[in-house]
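FYI, it's all coordinate maths here, none of it is from the lab. Only a predicted model underlies this, so the values are computations on that prediction, with no experimental measurement involved. A quick note on method: Cβ atoms are made from the backbone with ideal geometry, for glycine too, and the neighbour counts reach across all protein chains shown.
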Amino acid sequence: MSSTYTVARVYESVKPSRSKTVVLWVSRHMPLPAQIMELERKLNSIVVYQLKGTVPNAEVVVEVAKQLNASIVIPVLPLSMIARLAELSRQNGFTVVIARMSSIATTKSAEEAVRLVQEAPERRTMATYADGTIRVFEFERFEKLVEVKLVTEPL
């Protein structure tokens, strides 16, 4: 798998501050306005960088976080990568935070999905899947990732 990713500053608080909390947003989607507002409410003054594209492993995220001196990493990645990132975060001095999103609707109608997002565009987004299904999600809150556990039982 080739890695083709970019890193760009996507937001910086205008509030005067001696120091700003650096947040690394790992997603192909930009943070929603409600997410930025909540980060500022929780962290005061922030700078948000977005890492987007094909990220081959959690170690790449750690290296970018170290280069930026990020203290918060918010990943939208496969669960296996998030689990590895949680392990590495303890060794590398940053906190992994998850954006809790609730599912508002599942539809095949793009018009319906767009209408639902437009009802609360600062909090809602949509994702289209390979089978043509569209899911609309709404941001609820951020949660600090404490542990990722895989629990199984005999089949």
Go through the range 28-61 and give me each residue that's out of contact with any Phe, Trp or Tyr (no Cβ under 8 Å at 6 or more places or on another chain) and on the phi > 0 side of the Ramachandran plot.
-> 44
In the range 50-66, which residues are in contact (Cβ under 8 Å) with a residue 40 or more places away in the chain and either outside any strand (DSSP E or B) or under 24 Å from residue 120 (Cα atoms) (or both)?
-> 50, 55, 56, 60, 64, 65
Do we have residue 39 as out of contact with any helix residue (DSSP H, G or I) (no Cβ under 9 Å at 6 or more places or on another chain), within 30 Å of residue 132 (Cα to Cα) and either surrounded by 12 or more Cβ atoms within 10 Å (Cβ to Cβ) or in contact (Cβ under 8 Å) with a residue 40 or more places away in the chain (or both) here?
-> no
Scanning the range 76-98 residue by residue, those outside any helix (DSSP H, G or I) and in contact with a helix residue (DSSP H, G or I) (Cβ under 6 Å, 6 or more places away or on another chain) turn out to be 94, 96
For the range 62-85, the count of residues that are in contact with a Phe, Trp or Tyr (Cβ under 7 Å, 6 or more places away or on another chain) and not hydroxyl-bearing (Ser, Thr, Tyr) equals 6
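Yes/no matrix, rows are residues, columns are (1) touching a strand residue (DSSP E or B) at 6+ places or on another chain (Cβ under 6 Å); (2) outside any strand (DSSP E or B):
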position: 6; (1), (2): yes, no
position: 10; (1), (2): yes, no
position: 14; (1), (2): no, yes
position: 18; (1), (2): no, yes
position: 25; (1), (2): yes, no
position: 28; (1), (2): yes, yes
position: 31; (1), (2): yes, yes
position: 35; (1), (2): yes, yes
What number of residues in the range 110-155 are surrounded by 11 or more Cβ atoms within 10 Å (Cβ to Cβ) and polar (S, T, N, Q)?
-> 3
Evaluation of residue 133 against (1) within 20 Å of residue 31 (Cα to Cα); (2) touching a strand residue (DSSP E or B) at 6+ places or on another chain (Cβ under 9 Å) (one fails), failing number | (1)
